[in-house]
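Data first, discussion second: the structure below is written as structure tokens.
The values are calculated or read from the model by the stated rules, or taken from the named source; none is laboratory data. Small disclaimer: the values here were computed from a predicted structure and weren't measured. Cβ placement follows ideal geometry from the backbone for every residue including glycine, while neighbour counts extend to all protein chains displayed. The protein model used for the area step is the full one, side chains on, heavy atoms only, and it has no ligands, DNA or RNA in it. Shrake-Rupley method; radii C 1.70, N 1.55, O 1.52, S 1.80 Å.
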Amino acid sequence: NTTLIPRPSASPDDPLNWSWMKKHAVLLALIPGCLLSDWTLTWGTTVFEMQAPEWGMTVEAVAQSVSPGIFMQGPGGLLAVPLSERYGRLPVLFYTQLLTLAATLGATLAPTYPVFTLFRALQGLFGAAPQVIGLSVVHDLFFFHERARKVNLWAASFLVGPYLGPLLSSLLVLRLGWRADFGVLVGLYALSVLVVALLGDETLFVRGPGAGGGEDGKGEGRGWLRKRVERLLGIEGWRKAAAGRPGLWEVFRHQCALLARPYVLLPTALFVMPITMWTIGVVSTISQFVLPPVAAGGYGFSLVGLAMLYWAPIVGTLAAEAWGHWFNDFLAKRHMARYGFECRLTAAYPAVVIGAAGLVLFGQTLEHQLSWAGLAVGWAMLCFCTLANMTAVSAYLLDCLPRHAALTGAWLNFGRVVGGFSVAYFQMPWVHRNGPALAFGCQAVVIVGASLLIMVTQAWGRKWRVK
């Protein structure tokens, strides 16, 4: 028999008591927003060549429009957490998707490069929320023994987005032009808003007498539709906040205090950041490697060829999803009783080896202009590394701090996007100065070195947690 952790309450409004169908419908409402978070930013990486002549700029200069959006995902995630803890997950998810829809429309109609870049930054600011509150939704909906697989699914949804986006964008831009191409992205966000409105529900439920955070009972005389609209728009969350949920400043203060704990700081800011930095670096620069003609050192790919190349990271991410679906549970069942929550982090080691080998293969292929298959396989290996590590670290933090899932999720997201923001500025200059073999080889050394922090966390993590 499986022991249910945590113990569900007697309330039918407790998400742990919901049916399998309702739990997964609510989880499904989160997935489009997670997919579109990075999907939106990388969607534009395939249109630089069209934007450059329109605005009288070089392709490399136009490519920097991606960086502000990536950077703003960090503060966007940190701001979303206090709001979701005080007013609820559902209204934060709904309003951020609606605001990102408006920002995407603004980018589509932008007359100049600065205006376009401004709206791209707003896309990152508002679009980060699903990635951050997703860990909280998994915690709210599922029992301890179910969470690792759901975390794996949540992480896969926002890590496969950066590759699905440019794949579709590359195919559409051939026929539509870049503005109409962005118009399709507007439609995708409209669909996400609709899915949240139809399938989403509030999962924030604070247990215990006098908590003031649970959903109200069903016998208040309000109609089902009115109650649902009030949840969606945050009216019900506003009432709950007044009834005793923690204040915005209190949540933000706790959020900052968490990062001072070494078992949070080391796996997030110091391990996840370099792991994901190089993945974002490749996806934001791949077109500059393969689109130039062979005589110029590229591979002479067409836009269709570039689109097909994005299948490589998708395959790598899906392989990591299949791997993580059973390996994380295997580690927990076999080793958690003896080694504690730190056994989750063992999954990072094989992933780091695969990712480092993928970076070396990618760099050597570019250096010697070998077959494009080397780029595809190396990229897939790197993406396998990213998802496998994100799942391991996310599951570990959720086990350690189950009541602070949103807060730890924000730091995971922050570490990921800080690295992604910075790499766009030095990736191509580094490759031009030292050559791709040395540049990507050094990146492999960095992620292997970062894995030493996982060893440190495993060695002392339990003592830190007790202290």
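Report the relative contact order of the chain, percent, no decimals, based on alpha-carbon pairs under 8 angstrom and at least 6 residues apart.
Details: 774 pairs, mean separation 109.0, N = 467.
Computed value for the chain: 23 percent relative contact order.
Accessible area per residue for the stretch 423-467 is 55 Å², calculated with a 1.4 Å probe on protein heavy atoms, without ligands, DNA or RNA. Computed from Cα atoms, the angle from the helix 436-466 axis to the main principal axis of the chain rounds to 20 degrees. The HN-Hα couplings worked out from phi for the stretch 312-327 by the Karplus form 6.51 cos²θ - 1.76 cosθ + 1.60 (θ = phi - 60°) are 4, x, 5, 4, x, 5, 5, 5, 5, 4, 5, 4, x, 4, 10, 5 Hz, whole numbers, x standing for Gly and Pro. Between 68, 52, 82, the Cα set farthest toward the positive side of the dipole of the stretch 35-146 (charges on each charged residue's Cβ, about the Cα centre) is that of 82.
Looking at (1) -0.54, -0.89; (2) -0.42, -0.85; (3) -0.35, -0.71, which value of log10 I(q)/I(0) by the Debye sum over Cα atoms at q = 0.07, 0.10 Å⁻¹ comes from a calculation on the structure shown? It is the one labelled (3). Taking the Cα centre of the chain as origin and assigning +1 to Lys and Arg Cβ atoms and -1 to Asp and Glu Cβ atoms, the resulting dipole is close to 1340 debye.
Per-atom-type breakdown for the chain gives carbon and sulfur 70% of the accessible area (1.4 Å probe, protein chains only). Relative to the first principal axis of the alpha-carbon coordinates of the chain, what is the inclination of helix 66-87, with its axis defined by its Cα atoms, in degrees from 0 to 90 and to the nearest 10? Rounded to the nearest ten degrees, it is 0. From its DSSP helices (H runs of at least four residues, each -39,500 (n - 2.57)), the chain gives a residue-normalised ellipticity at 222 nm of -26500 deg cm²/dmol. Output the 0 to 90 degree angle, nearest 10, between the alpha-carbon long axis of helix 348-367 and the longest principal axis computed from the alpha carbons of the chain. Compared with the principal axis, the helix lies near 20 degrees. Ranking 299, 184, 235 by how far each Cα lies toward the positive end of the dipole of the chain (charges on Cβ) leaves 235 at the top. One Cα centroid belongs to the stretch 32-56, the other to the stretch 449-467; the line between them spans 38 Å. Given R0 = 30 Å, the distance between the Cβ atoms of residue 256 and residue 426 translates into a calculated FRET efficiency of 0.60.
Over the stretch 255-466, what is the relative contact order in percent, taking alpha-carbon pairs closer than 8 angstrom and at least six residues apart? Spell out each step's value before the answer.
Numbers: 287 pairs, mean separation 77.8, N = 212.
That works out to 37 percent.
Within 11 Å, Cβ to Cβ, of residue 84, how many net charges do the neighbouring residues add up to if Lys/Arg are +1 and Asp/Glu are -1? The partial results should precede the final answer.
Values: positive: 86, 89, 245; negative: 85, 140, 202.
Surrounding charge for residue 84 is 0.
About its Cα centre, the dipole of the stretch 273-390 is roughly 320 debye, where the only charges are +1 on Lys and Arg Cβ and -1 on Asp and Glu Cβ. In sequence order, the stretch 413-418 has phi-based couplings of 5, 5, x, 5, 7, 4 Hz under the Karplus curve 6.51 cos²θ - 1.76 cosθ + 1.60, θ = phi - 60°, and Gly or Pro positions carry x. Put simply, the amide H of residue 291, placed in the peptide plane, has neighbours under 5 Å in 299, 301, leaving out anything fewer than 5 places away on its chain. In order along the stretch 395-402, phi translates into HN-Hα couplings of 5, 5, 5, 5, 5, 6, 10, x Hz, rounded to whole numbers, per the Karplus curve 6.51 cos²θ - 1.76 cosθ + 1.60 with θ = phi - 60° and x for Gly and Pro. Extending 7 Å from Cα along the Cβ direction at residue 249 and again at residue 175 yields two label points whose distance is 5.6 nm.
With a ≥ b ≥ c the root eigenvalues of the C-alpha gyration tensor of the stretch 255-466, is it rounded (a/c under 1.5), prolate (a/b larger than b/c) or oblate? Can you show the working numbers first?
Working: a/c = 2.37, a/b = 1.96, b/c = 1.21.
It is prolate, given that a/c is not under 1.5 and a/b is the larger ratio.
For the stretch 31-143, give the magnitude of the charge dipole about the Cα centre (Cβ charges: +1 Lys/Arg, -1 Asp/Glu; no others), in debye to the nearest 20.
Result for the stretch 31-143 is approximately 280 debye, rounded to the nearest 20.
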